[in-house]
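The values are calculated or read from the model by the stated rules, or taken from the named source; none is laboratory data. Keep in mind the model is a prediction, meaning the values are calculated, not measured. Here the Cβ positions follow ideal geometry from the backbone for every residue, glycine too, while neighbour counts run over all protein chains shown. Side chains are part of the model used for accessible areas, which takes the heavy atoms of the whole protein and leaves out ligands, DNA and RNA. Shrake-Rupley method; radii C 1.70, N 1.55, O 1.52, S 1.80 Å.
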Amino acid sequence: MKKLVLLILILLCNLSFASLKVVATTTAIYDLVNEIGKDKVTIDYIARGDQDPHFVEVLPSFMVKLRNADILFKIGMGLEMWLNQLVDGSRNDKLLIVDLSIDINKKEVPNFKPDASYGDVHPYGNPHYWLDPENAKIMAQEIYENLSSKDNNNAEYYKKNYEDFIKRLSDKIVEWNNKMAKLKDNSFIFFHASWTYFADRYGIKIAGYVEPKPGISPSPSHNAELVNLIKSKKIKIILMENFYSDSAPNQLSELTGIKVIKVPTSVYGIKGVDSYIQMMDYIVNQLSKV
């Protein structure tokens with residue numbers, strides 16, 4: 001009888017400390033979930049911080065992650081074209097899939113039906129909204145609400161963590177705004193169309209892209225056009241994601257003297273960038289010191 005009572009107590013103890021199992025499609029989401037869920041959540045991610053989130057190899061291990069998960073958080077807007085195959089392969093009928101773009105003010109939503117001739121144009125708009133830190137607030141609220149709904153017993157715990165994070169993020173946003181103010185109305189060249197939300201937030205003008213179309217490799221003729229553009233408008237910076245090849249940007253730099261700045265666009269994109277706030281710090285500091 002004592003053994004039975006002890007076994008029941010152990011089971012009840014384990015249940016009381018059971019954590020939500022969450023999978024994030026990207027490391028940026030992973031960090032936001034960690035900030036809010038902390039030790040009440042077991043969290044994993046799929047796309048590494050140093051890889052292009054558009055293209056992720058479908059692996060059986062990813063399906064296992066989803067098979068055991070309670071919640072899946074995704075960027076949405078067509079970024080994770082590989083995700084449906086993973087969800088289907090997981091055979092987890094109870095998986096809650098949360099699209100964090102639901103309340104985002106979406107940019108560059110095409111008013112036509114894109115095909116391959118337009119390059120990697122997303123039919124639901126530009127999905128790189130997390131690079132505007134104000135949108136990270138929206139993402140964090142969505143995460144908080146879904147964690148609380150799924151695990152109501154810990155709702156107050158999630159609320160406190162959410163409010164603490166929003167306070168720290170808001171303080172950093174003031175700092176980033178001040179640092180980026182001197183770059184307002186400056187024209188940049190970007191590598192990929194990841195930077196629309198970031199540029200709009202800080203008043204930066206997008207003069208052009210190293211890619212002639214999203215996802216299309218630069219051609220010699222396009223590079224020649226960019227050389228003329230850089231010289232005529234006296235553009236000083238190419239900002240690019242650190243998982244792309246810098247061959248074409250470096251050629252432009254050799255021909256024009258333009259500075260190439262490579263930055264991570266997700267958490268763990270480079271060593272020392274271990275949180276969303278550190279990622280934005282790195283981007284803003286690299287630009288503001290030029």
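Loop-located trypsin sites (Lys or Arg not before Pro) in segment 252-290 (DSSP state not H, G, I, E or B) with no more than 15 neighbouring Cβ atoms inside 10 Å: K271, K289.
Between I238, I29, I216, where does the largest GNM mean-square fluctuation fall for the chain, given springs only between Cα atoms within less than 10 Å? Highest fluctuation among the options: I216.
If the chain between T42 and K236 were fully stretched, how many nm would it gain, using 0.36 nm times the residue separation less the Cα-Cα distance?
Numbers: separation 194, 0.36 × 194 = 69.84 nm, distance 4.39 nm.
Once the chain is fully extended between T42 and K236, it gains 65.4 nm.
For T265, the residues whose amide H sits under 5 Å from its own are N242, ignoring neighbours fewer than 5 places away on the same chain, with H placed 1.01 Å from N. For a quick check, take a GNM of the chain with Cα springs below 10 Å and name the residue from E35, E225, E241 with the largest mean-square fluctuation. Looking only at E35, E225, E241, the largest GNM fluctuation is found for E225. Non-local lysine pairs in segment 217-290, meaning eight or more places apart or on different chains, with alpha-carbon distances under 25 Å, amount to 17.
In this structure, the amide hydrogen of N126, modeled 1.01 Å from its nitrogen in the peptide plane, lies closer than 5 angstrom to those of K107, E108, V109, counting only residues at least 5 positions away or on a different chain.
Candidate cross-link partners of K106 among the lysines, defined by an alpha-carbon separation under 18 Å and a same-chain spacing of 8 or more, comprise K74, K137.
Which aspartates and glutamates have a Cα less than 17 Å from the Cα of K172, not counting those fewer than 8 places away in the same chain? Straight-line reach from K172, under 17 Å: D31, E35, D132, E134, E163, D164, D274, D281. Taking θ as phi - 60° and the Karplus parameters 6.51, -1.76 and 1.60, the scalar couplings of segment 34-46 work out to 4, 4, 9, x, 6, 7, 8, 10, 9, 10, 9, 9, 10 Hz in sequence order, x denoting glycine and proline.
Under a 5 Å amide H cut-off, with hydrogens placed 1.01 Å from N, I43 pairs with V22 among residues at least 5 apart or on other chains.
Tell me, rounded to the nearest percent, the portion of alpha carbon pairs in segment 224-286 spaced more than 20 Å apart. Tail fraction, whole percent: 36.
The structure-derived value of Rg and Dmax of the Cα atoms in Å appears in the list (1) 21.5, 87; (2) 19.6, 59; (3) 17.8, 52 under the label (1). Over the chain, dividing the summed -39,500 (n - 2.57) contributions of all DSSP H runs of at least 4 residues by the number of residues returns a 222 nm mean residue ellipticity of -14000 deg cm²/dmol.
The HN-Hα couplings worked out from phi for segment 157-172 by the Karplus form 6.51 cos²θ - 1.76 cosθ + 1.60 (θ = phi - 60°) are 5, 5, 4, 4, 5, 4, 5, 5, 5, 4, 5, 5, 5, 4, 4, 5 Hz, whole numbers, x standing for Gly and Pro. Shape summary: segment 23-157 maps onto an equivalent ellipsoid whose semi-axes, from the alpha-carbon gyration tensor, are 25, 19, 13 Å in decreasing order.
Suppose all protein chains stay in the model; what accessible area per residue would a 1.4 Å probe give for the chain, in Å²? Walk me through the numbers before you get to the answer.
Numbers: 14700 Å² over 290 residues.
Accessible area per residue: 51 Å².
Summing Cβ point charges (Lys, Arg +1; Asp, Glu -1) relative to the Cα centre of the chain gives a dipole of roughly 500 debye. What's the carbon and sulfur percent of the chain's accessible surface, probe 1.4 angstrom, rounded to a whole number? Using a 1.4 Å probe with all protein chains present, the chain comes out at 52 percent carbon and sulfur. If the elastic network links every pair of Cα atoms under 10 Å, which of D31, D88, D70 fluctuates the most in the Gaussian network model of the chain? The residue with the greatest mean-square fluctuation here is D88.
Once you keep just the Cα pairs under 8 angstrom separated by 6 or more residues, what percentage relative contact order results for the chain? RCO, the chain: 17 percent. Backbone phi angles across segment 85-101, fed through the Karplus curve with coefficients 6.51, -1.76 and 1.60 (θ = phi - 60°), yield HN-Hα couplings of 5, 5, 5, 4, x, 6, 6, 9, 6, 9, 5, 8, 9, 10, 8, 6, 8 Hz in residue order; Gly and Pro are listed as x.
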